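Just so you know, all these numbers are worked out from the coordinates, no wet-lab data involved. Keep in mind it's a predicted model, so treat the numbers as computed, not measured. We place every Cβ from the backbone using ideal geometry, glycine too, and count neighbours over all the protein chains shown.
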Amino acid sequence: MPPEGPRIAILSIAGTNCDAELATALRATGARPEVVELKSFDARATPSAELRHLDEFRALLFPGGFSGGDYVRAGAIFAARVRAAVGEDLERFIASGRLVGGICNGFQVLTELGLLPGRPDGRLGPPEAALMTNDSGHFECRPTFVAFAGGRFPAASGLAPGDRLLFPSAHGEGKLVLSGDPGTRVRELTEAGQVLFRWTAPDGGPATYPWNPNGSVGDIAGLCNPTGNVFGLMPHPERSFFRAQSPDWTRGGGADGTGDGARFLSGLVRYAAGTAD
């Protein structure tokens, strides 16, 4: 990584509430994260002298929370505002190969934008998937485990297929539903290398509830787009970045060091650094 890590924008509007946690984790990797309000990129809402541009950054992340109060549908208001404010700029950003990601509410935003599962040209479009109310009917908040599914996601080059990671969950609408026949779509996405993570039990066994906390089709916990530079992940790697955040830190060697979230987020930062001009 260069002496100064890549600049990463964490996009926020009213209701996003995991941006500071994500920025703290990214900063610990050597990146230079900045929480930036969406309106700062919108020429209609910001004076030209203060206007920001996506090209200032090497990666763009949508954090968790309850953007816009999750009215209409989770992530729908944030997505609509993104389309209006930076839709064409975002398409150019993705076409350049730079990284765009969404965690929890951010995953919901990217599905609303039609970027996940996504199209080969990386353009915005109508949704092809939705993240709906958990099968349990209530908010799920607990330590959960995911297994890396491999595929075309170069930002996770430090992970091997089957690697099991603890990423906590905290969502009420995390059930992934795909357009078309569910079995066919899961098979197509798997063969295309677009399934990023699957829910799993702590011992690697079947992800029966609560290890699949929402009932997502195919136990899918994360997806990437066909070109591998847009991703969405339902659980929170930033909440397991430091060893002190682990639920077993008092029994497993103390609070020093990093946790499973660092393995994933450090890979994102390395990828972002590699896309620098």
Here the Kirkwood hydrodynamic radius of the chain, Cα-based and in Å, equals 18.5 Å
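Looking at the calculated P(r) for the range 119-198, what percent of the C-alpha pair distances fall above 19 Å? Could the numbers behind the result be given before it?
Details: 1622 of 3160 pairs.
Pairs farther apart than 19 Å: 51 percent.
Treating only the Cβ atoms of Lys and Arg (+1) and Asp and Glu (-1) as charged, compute the dipole magnitude of the chain about its Cα centre; round to the nearest 20 debye. Before the final figure, lay out the partial values.
Details: 26 positive and 30 negative charges, 38 e Å.
With only Lys, Arg, Asp and Glu charged at Cβ, the dipole is about 180 debye.
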Over the Cα atoms of the range 206-267 the radius of gyration and the largest Cα-Cα distance (Dmax), both in Å, equal 14.2, 41
Here the range 167-180 yields Karplus 3J(HN,Hα) values (6.51, -1.76, 1.60; θ = phi - 60°; whole Hz; Gly and Pro given as x) of 10, x, 10, 7, 7, x, 10, x, 7, 6, 10, 10, 5, x
Simple SL model, points at 7 angstrom along Cα→Cβ for residue 89 and residue 20; separation in nm is 2.6 nm
In whole Hz, the Karplus estimates of ³J(HN,Hα) for the range 85-91 (6.51, -1.76, 1.60; θ = phi - 60°; x where Gly or Pro) are 8, 9, x, 5, 5, 5, 4
In whole angstrom, the spacing between the Cα centers of the range 42-57 and the range 199-273 equals 33 Å
Expected sort for 119, 198, 239 with the fewest Cβ neighbours (10 Å cutoff) up front is 119, 198, 239
For the range 234-242, in residue order, the Karplus 3J(HN,Hα) values (coefficients 6.51, -1.76, 1.60; θ = phi - 60°; whole Hz; Gly and Pro = x) are 6, x, 10, x, 5, 8, 9, 6, 9
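At most 16 other Cβ atoms within 10 Å and a DSSP loop assignment: could you name the GluC sites (Glu not before Pro) in the range 1-106 that fit? Before the final figure, lay out the partial values.
On the way: sites: 4, 21, 34, 37, 50, 56, 88, 91; in loops: 4.
Within the range 1-106, the qualifying GluC sites (Glu not before Pro) (loop, at most 16 other Cβ atoms within 10 Å) are 4.
Counting DSSP beta bridges with both partners in the chain, what percentage is antiparallel, nearest 5? Present the calculation step by step, with values, prior to reporting the outcome.
Values: 22 of 39 bridges.
Of those bridges, close to 55 percent are antiparallel.
So how do 171, 138 line up by other beta-carbon neighbours within 10 Å, fewest first? Intermediate values should be presented prior to the final figure.
Working: 171 24, 138 9.
Final ranking by Cβ density, sparse to dense: 138, 171.
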The Kirkwood hydrodynamic radius of the range 128-277, taken as the inverse of the mean 1/r over all distinct Cα pairs, in Å, comes to 15.8 Å
Checking the range 30-76 for chymotrypsin sites (Phe, Trp or Tyr not before Pro) in a loop per DSSP with at most 15 other beta-carbon atoms within 10 Å yields 71
